[in-house]
Amino acid sequence: MAARRYTEHEEALEIKSLRRIIAAYINYQDAAEKDVKRYERSFKKLSPAHKELLFHLGLKYQRLRWCISMNTSFIMNMLEAFEPPFDMSQCVDGDCHDCAEHMHGHSHADTINNSELLVQHCCPEEGANTRETENKKDEEVHMVGCSQPAACNLGISQGEDKSCNDGKDASAAANCQDTDCFASSTDENVTPGHRRAPSLPLDVPPVDVDKVRCIIRNIVRDWAQEGQIERDECYKPILEELNHLFPDRSRPPSCLVPGAGLGRLALEISSLGFVSQGNEFSYYMMICSSFILNHTQEANEWTIYPWIHNNCNSLSDKDQLRAVSFPDIHPSSAGITEGFSMCAGDFVEVYNEESQESAWDAVVTCFFLDTAHNIVEYIEIISKILKDGGIWVNMGPLLYHFADAYGPDDDMSIELSLEDVKRVAYHYGFVMEMEKMIDTTYTANMVSMMQNRYRAAFWTMRKDASRSKAKKRQ
């Protein structure tokens with residue numbers, strides 16, 4: 001696809017957005033260290049007798065620092081592999097921090113446009129290795145940009161990125177996660193042999209810190225063996241439905257996956273024999289998925305410690321500090337279909353274009369519909385881009401991400417019941433072929449004492465263009 005052309009103002013907004021996200025990743029270690037120091041201050045307030053009883057906590061805090069350094073090593077490898085689509089050294093509104101220098105040690109002139117990245121079949125989650133792929137496969141996957149003028153305007157700094165915490169702000173996350181985290185610059189307690197993040201002279205708000213931690217948990221969901229339970233609950237029914245509905249894939253049908261996150265579902269659909277494209281709005285997600293799909297060398301290449309930031313509801317310290325290796329598969333060994341791609345951008349802006357009309361045989365939405373400001377617009381576009389007779393497979397709850405978005409911007413949030421959602425779908429020409437409810441979790445710690453479960457709506461609808469045209473005539 002053609003590279004996105006930005007106006008000077010748009011490029012400035014994108015640079016500010018990306019700079020903020022890179023700063024959040026880079027400040028992960030400082031924010032986590034601040035948490036550990038807070039735990040230590042609380043421990044020091046104990047009486048001598050209580051300290052003696054809990055003497056092991058001192059060792060736990062040192063172990064936490066080691067786990068944090070391992071997570072940081074992954075993050076820094078991931079950032080080193082990331083090629084910003086803009087010159088990050090330029091000044092924007094007086095802000096002249098060169099994030100690219102912190103990430104790469106070279107200027108933007110040495111980088112390639114991320115919209116033209118070649119995605120090899122290698123896939124670690126979160127951070128990955130910057131080594132060159134030794135053995136390229138014959139089939140290639142492309143991380144594509146956007147062909148339409150508005151397609152890649154991520155604009156994350158212009159509003160809350162609610163891809164984490166079930167769409168709620170960090171302050172509303174009822175999971176006892178610590179949010180008293182501000183960027184600091186300390187060189188204490190750095191584990192030898194592991195890479196430390198450089199400090200950027202930027203304040204990183206707690207909500208941005210929590211988004212980075214959310215990405216680490218999403219790696220488990222999409223790319224670790226531990227996440228297989230959730231993938232079996234959410235992805236497996238979708239894959240079985242597609243396999244049933246498209247028995248002849250000698251000529252690969254096309255399938256779009258909006259809200260693709262870290263890309264596992266889109267990759268699994270490609271492996272079934274579909275020309276699959278994932279679409280994702282969040283730069284937090286795209287930086288990580290790009291690294292996984294482009295730079296992983298082998299299965300279980302990376303190890304992270306995803307549960308260390310939550311002291312609540314742990315059965316044991318061992319459970320909280322357990323390691324998770326990823327990716328559980330090497331993408332190049334997944335048998336993907338030629339044409340697999342990931343497209344960055346807002347779903348409405350990218351796909352509400354004339355060129356996308358009747359372009360897709362199937363659309364799969366998994367934990368996506370409730371990310372809309374206006375769910376009616378989402379459904380209208382899904383109908384528009386499907387071919388006549390095309391299939392829409394949906395899985396997910398209706399935890400509307402902007403329902404609690406109180407603030408001066410007063411974001412639109414249209415919050416419909418499931419009954420109303422289906423009625424809107426019928427209006428736009430869909431016919432229900434199958435529906436049921438499925439119990440599942442989302443980025444859950446499977447050994448935690450607290451489990452948040454959803455009764456997710458799972459359905460298959462087929463587009464009947466004659467019904468849609470009849471509605472238009474009325």
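How many of the residues making up the range 379-429 are assigned to a strand (DSSP E or B), over 24 Å from the mean Cα position of the chain (by Cα) and over 18 Å from residue 366 (Cα atoms)?
Of the range 379-429, the ones assigned to a strand (DSSP E or B) are 386-396, 414.
Next cut, over 24 Å from the mean Cα position of the chain (by Cα) only: 386-391.
Narrowing further to those that are over 18 Å from residue 366 (Cα atoms): 387-389.
The number of residues fulfilling the criteria is 3.
Take the residues in the range 314-340 that are part of a loop (DSSP other than H, G, I, E, B) and farther than 17 Å from residue 271 by Cβ; name whichever of them is least open to solvent (accessible area, probe 1.4 Å).
Of the residues in the range 314-340, the ones part of a loop (DSSP other than H, G, I, E, B) are 314-316, 321-323, 327-330, 334-340.
If we keep only those that are farther than 17 Å from residue 271 by Cβ as well, we get 314-316, 321-323.
On the way: 314: 41, 315: 120, 316: 43, 321: 21, 322: 43, 323: 55 Å².
By that ranking, first place goes to 321.
Restricting to the range 294-313, give me the number of residues that are in contact with a strand residue (DSSP E or B) (Cβ under 6 Å, 6 or more places away or on another chain), modelled with pLDDT of 95 or more and crowded, with 23+ Cβ neighbours inside 10 Å.
The total comes to 3.
Does residue 455 count as in contact with a Pro (Cβ under 8 Å, 6 or more places away or on another chain) and open to solvent by 60 Å² or more (accessible area, probe 1.4 Å)? Steps first, please.
Working: in contact with a Pro (Cβ under 8 Å, 6 or more places away or on another chain): yes; open to solvent by 60 Å² or more (accessible area, probe 1.4 Å): yes.
Here the answer is yes, as residue 455 does meet what is asked.
Please go through (1) open to solvent by 10 Å² or more (accessible area, probe 1.4 Å); (2) closer than 30 Å to residue 35 by Cα; (3) within 13 Å of the chain's Cα centre (by Cα) for residue 344 and return the number of the only condition it doesn't satisfy.
Of (1) open to solvent by 10 Å² or more (accessible area, probe 1.4 Å); (2) closer than 30 Å to residue 35 by Cα; (3) within 13 Å of the chain's Cα centre (by Cα), only one is false for residue 344: (2).
Conditions: (1) of a type in the set (D, E, K, R); (2) at pLDDT below 95; (3) under 22 Å from the mean Cα position of the chain (by Cα); (4) part of a helix (DSSP H, G or I). Residue 83 meets all but one. Number of the miss?
(4)
Restricting attention to the range 416-425, and to residues there that are more than 30 Å from residue 228 (Cβ to Cβ) and free of Cβ contacts under 8 Å to residues at least 40 places away in the same chain, which single residue is surrounded by the fewest Cβ atoms within 10 Å (Cβ to Cβ)?
419
Give the residue that is surrounded by the fewest Cβ atoms within 10 Å (Cβ to Cβ), with candidates limited to residues of the range 239-290 that are of a type in the set (Phe, Trp, Tyr) and more than 12 Å from the chain's Cα centre (by Cα). Talk me through it step by step, then tell me what you get.
Pass one, the range 239-290, residues of a type in the set (Phe, Trp, Tyr): 246, 274, 281, 283-284.
Narrowing further to those that are more than 12 Å from the chain's Cα centre (by Cα): 246, 274.
Numbers: 246: 17, 274: 27.
Looking at residues that are of a type in the set (Phe, Trp, Tyr) and more than 12 Å from the chain's Cα centre (by Cα), I get 246.
The values are calculated or read from the model by the stated rules, or taken from the named source; none is laboratory data. What you are looking at is a predicted structure, and each value in this text was computed from that prediction instead of being measured. Quick reminder, even Gly has a Cβ in these numbers, built from the backbone with ideal geometry, and neighbours come from all protein chains shown. Surface areas here come from the heavy atoms of the whole protein model, side chains and all, with no ligands, DNA or RNA. Shrake-Rupley method; radii C 1.70, N 1.55, O 1.52, S 1.80 Å.
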